[in-house]
1. Using each residue's phi in region 267-272, evaluate 6.51 cos²θ - 1.76 cosθ + 1.60 at θ = phi - 60° and report the 3J(HN,Hα) Karplus result to the nearest Hz, with x for Gly and Pro.
2. Pairing the Cα long axis of helix 75-84 with the longest principal axis of the chain, what angle in degrees results, from 0 to 90 and rounded to the nearest 10?
3. Looking at region 194-346 only, what percent of DSSP beta bridges run antiparallel? Nearest 5 please.
4. For region 59-138, what size does the Cα cloud have along each of its three principal axes, sorted from largest down, in whole Å?
5. Whole number please: convex hull volume per residue, Cα atoms of region 120-255, in Å³.
6. May I ask you to derive the relative contact order of the chain, considering only C-alpha pairs under 8 Å and at least 6 residues apart, and to give it as an integer percent?
7. Just to be sure I understand the model, the point goes 7 Å from the Cα along the line to the Cβ. What's the resulting Asp179 to Ser54 distance in nm?
8. Could you pull out every residue, at least 5 positions away or on a different chain, whose amide H is within less than 5 Å of the one on His254? Hs are placed 1.01 Å off N in the peptide plane, and Pro or chain starts have none.
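FYI, it's all coordinate maths here, none of it is from the lab. What you see is a predicted model; the values in this text were computed from it and never measured. Positions of Cβ are generated from backbone atoms using ideal geometry, with glycine treated the same way; all protein chains shown enter the neighbour counts.
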Amino acid sequence: MTASPPPVDRGPAPPLRRRSRARRALVLATAGLLAAGGVGALSDTAHAATTLGSAAAAQGRYFGTAVAAGHLGESAYAATLDREFTSVTPENEMKWDAVEPNRNSFSFGQADQIVGHAQSKGMKIRGHTLVWHSQLPGWVSGLGASDLRSAMNNHITQVMQHYKGKIHSWDVVNEAFQDGSSGARRSSPFQDRLGNGFIEEAFRTARTADPAAKLCYNDYNTDGVNAKSNAVYNMVKDFKSRGVPIDCVGFQSHFNSASPVPSDYRANLQRFADLGVDVQITELDIEGSGSSQATSYGNVVKACLGVSRCTGITVWGITDKYSWRSSGTPLLFDGNYAAKPAYDAVISALGGTGGGGGGGSATCSVSYTTTAQWNGGFNGQVTVTAGSTAITGWTATVTVTPPQKVSATWNGSPTWDSSGNVMTMRPNGNGSLAAGASTSFGFTVMTNGNTSPPLLGSCTAS
Ligand code: XIL
């Protein structure tokens, strides 16, 4: 294809080619300095109509995320939540310290905000969590045994009744077992004062409070077959044999290089399912980046799909920037809400068509950075990243705000719409990318008084 020149007033500027080289040199010279200065960035990703939620729904599963009430007012956060997810878990807002900070005095405001948002969008809601040793207000730890028992049962009853009919699954008890080889219960006010029976009592109280909610036991480091998961398995087996109400087991699935996705993950989910409970992946995050992170995410999704009673997956946050393990960039969207290769891997494992228009599962994502700024202009750089499969071509659009004009481009072949504001960029020898690999193109914008960063449109891959 022939790239038509940008319809810009170049004034006394040198011809495009020479100018491009000059600007490129400037980019290279200043990129390091500017990176340290935190140059503004934005990004966008466009895929085919497929979303996490719709791809999971096609497999009969929900795809959820932890949500923090404090971020719902951020438009990109809410837009990504609403577009991609079909279930939410309040990240902290339903924990004991949040809803019953003082004895028998309940504050549901922040949790209600999340529940209201989810209901207005038709999303399912996971309740997290009723009885846990952490994020527990001081007054609970100070109680004697009989007082603690009634406080626990009152807490479960009041909270579940407040949300009766609205919660799909409740994490009734969270993290009650120790790590390591002992298989023992973890020390906590509940364990230490009420003994092993506190778990059973919590589940019985929960069943009475909201009989329609599924009641889950939830824990971490139980994702593969090990001493801790064996201990949970034996408890669930015992509950099922004695008729103690339990409907599901949640596997938090917080993974990193020290604790990777176990090779027997699917087998472990299956053995719990075989006890007659649903299994859910409840707090998934995987530290890392690029294709290795993508592969791990894909493996988790495949493990769930391989177990018919694995009813859904929840990731522990939307964007890396708000993750509880932010420095490990463990989520599906980067800090600018651009979908990462891990996102494409999830979509593809779910059997989604991905983006691309070229058929198959070719996808790409784009992100933007301003690499240089001066009085009257700036250089922009767009990074194009292939999804979970190799691609042979890509198309990305960049829109500038009038009276801005693009005066130079490099590492791509541009075409322009009639307004001259929308540049469609195609590869210039850099169209073939391995799965998860990136390339970038750049351009110079004359601000003509308007310093807004450009908007990225869709990236399509072939
Ligand atoms: C974490 C939240 O993400 C943080 O914001 C908070 O500071 C601590 O708790 N297991 C769980 C979750 O069950 O509730 C935890 O969430 C992460 C580990």
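1. With coefficients 6.51, -1.76 and 1.60, one gets 4, 5, 4, 5, 5, 5 Hz.
2. Tilt of helix 75-84: around 70 degrees.
3. 10 percent
4. Cα extents, longest axis first: 40, 28, 18 Å.
5. 122 Å³
6. Dividing the mean separation by the residue count of the chain yields 18 percent.
7. 4.1 nm
8. Residues meeting the amide H criterion: Asn221, Asp285.
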